[in-house]
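Enquirer: Quick one: the structure is below, questions incoming.
The values are calculated or read from the model by the stated rules, or taken from the named source; none is laboratory data. The structure presented is a predicted model; accordingly, all values stated were derived computationally and were not measured. Heads up, the Cβs are rebuilt from the backbone with ideal geometry, glycines too, and the neighbour counts pull from every protein chain shown. All accessible areas refer to the heavy atoms of the entire protein, side chains included, with ligands and DNA or RNA removed. Shrake-Rupley method; radii C 1.70, N 1.55, O 1.52, S 1.80 Å.
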Amino acid sequence: MRIVVLGAGAVGAYYGGQLARAGYAVTCFARGATLSALLDRGLEVRTPEGAFQARVVATDRLDALGPADFAILAVKSYSLADLAPVVRRCAEQGAAIVPLLNGVETAERLAQLGVPPPAVVGGLTAISVVRVGPGIVERVSPFQIVVLGEFDGPVSERVQHIVAAFRDAGADARASDRIRVELWQKFVFIAALAAACGLARSPVGPLRADPLGRRLFERAISEVVAVARARGIALPDNEAERVWQVIAALPPALKPSFLVDLEAGRPTELEILSGAVARFAEQARIPTPIHDTAAVALAVRAKP
């Protein structure tokens, strides 16, 4: 099985390295220092169980990408448009496109960028992995979860094959016949976590321990759940409580990647998190004051 990794940052490099170690033919599309590192020494993957190096093919040339069985799309949402020609190339050559991005609008955005919708598989991952340096990544979470499914419902043969590859690579991977709901369940969690910790400029623990901080979390969660239901997403009746319990169990020192990027002055995914909640709420004519505030207060604007 041939696999292309589009975006050899933290998540893409991690799964690319694990798949290469499992014996799959992996090609990484990369640029700059990352490309140089991959050509020179391959990928270095560090995990709680140990570290290893994996050799992969690496290129920054569109015409060097041959046919593949599937392509892992693992970039920040704000880089999606820049990579669109590469994604289209992979799809046109028959690869299933497997996005592992945050947010719930990736499939629609890919269609707008010219990627044929039938090529796109719904996908999500739950993992904590950091980019240590060019071509070097480290998984810091004990879990590495991948969920894949067709947007039109039934589990397909191609999804089963891709899930099997991720399992071979050590991931806790499974197929889903309700991938839209599962994408929204992840979205409720990450959007609420990003908004609350971003507004408070705080890791999870201190904010969670403050009664007003807990209220901030709970309201941020409830707003996304209300938006999801207004859009016809059949979330479970106890979804808000379930998400709060997930947040309640997080390590106290944990900072969502959104807050890490915000504090470092890097671009953030605000537009596809609280920004998306605010847009959806306006369409549905329901109030989302926490996410409206986050979308305004946390936006990076040019200084006069």
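Enquirer: Looking at the stretch 59-106, which trypsin sites (Lys or Arg not before Pro) are DSSP coil and have at most 16 other C-beta atoms within 10 Å of their C-beta?
Expert: Passing both the DSSP loop test and the Cβ count: ARG61.
Enquirer: Residues with amide H under 5 Å of ALA71's amide H, sequence separation 5 or more or different chain, H placed in the peptide plane at 1.01 Å from N; which?
Expert: When sequence neighbours closer than 5 places are left aside, the close amide H contacts are VAL4, ALA96, ILE97, VAL98.
Enquirer: 222 nm [θ] for the chain, helices only, -39500 (n - 2.57) per DSSP H run of 4+, per residue, to 500?
Expert: -14000 deg cm²/dmol
Enquirer: Ignoring any ligand, DNA or RNA, what whole percent of the accessible area of the stretch 137-200 comes from carbon and sulfur when the probe is 1.4 angstrom?
Expert: That fraction is 51 percent.
Enquirer: Can I ask one more? With all distinct Cα pairs included, what does the Kirkwood hydrodynamic radius of the chain come out to in Å, to one decimal, could you say? List each step's numbers first, then the result.
Expert: On the way: mean 1/r = 0.0504 Å⁻¹.
That comes to 19.8 Å for the chain.
Enquirer: Is the stretch 205-281 best put as rounded, prolate or oblate by its Cα gyration tensor, with a ≥ b ≥ c the root eigenvalues, rounded for a/c under 1.5, and otherwise prolate when a/b is larger than b/c, oblate when not?
Expert: Taking the square roots of the gyration eigenvalues as a ≥ b ≥ c, the stretch 205-281 is oblate.
Enquirer: Using the scaling law 2.2 N^0.38 Å as the reference, what is the normalised Cα Rg of the stretch 168-304?
Expert: My calculation over the Cα atoms of the stretch 168-304 gives 1.07.
Enquirer: Can you give the charge dipole size of the stretch 164-304 about its Cα centre, rounded to the nearest 20 debye, using +1 on the beta carbon of Lys and Arg and -1 on the beta carbon of Asp and Glu?
Expert: Values: 19 positive and 16 negative charges, 42 e Å.
Here the size comes out at about 200 debye.
Enquirer: Between ALA173, ALA81, ALA30, where does the largest GNM mean-square fluctuation fall for the chain, given springs only between Cα atoms within less than 10 Å?
Expert: Comparing ALA173, ALA81, ALA30 in a Gaussian network model of the chain, the most mobile one is ALA81.
Enquirer: Quick check: from the Cα gyration tensor, does the stretch 57-177 come out rounded (a/c under 1.5), prolate or oblate?
Expert: Values: a/c = 1.44, a/b = 1.08, b/c = 1.34.
Because its axes are fairly even, with a/c under 1.5, the stretch 57-177 counts as rounded.
Enquirer: Here is a further query. If I stretch the segment between VAL300 and GLU157 completely, what's the gain in nm (0.36 nm per residue apart, minus their alpha carbon distance), one decimal?
Expert: Values: separation 143, 0.36 × 143 = 51.48 nm, distance 4.33 nm.
Taking VAL300 through GLU157 to full extension adds about 47.1 nm, to one decimal.
Enquirer: Anyone know which of LEU73, LEU254, LEU65 comes out most mobile in the 10 Å Cα GNM of the chain?
Expert: Looking only at LEU73, LEU254, LEU65, the largest GNM fluctuation is found for LEU254.
Enquirer: How large is the charge dipole for the chain, taken about the Cα centre, if only the Cβ atoms of Lys, Arg (+1) and Asp, Glu (-1) carry charge, to the nearest 20 debye?
Expert: The dipole magnitude comes to about 480 debye.
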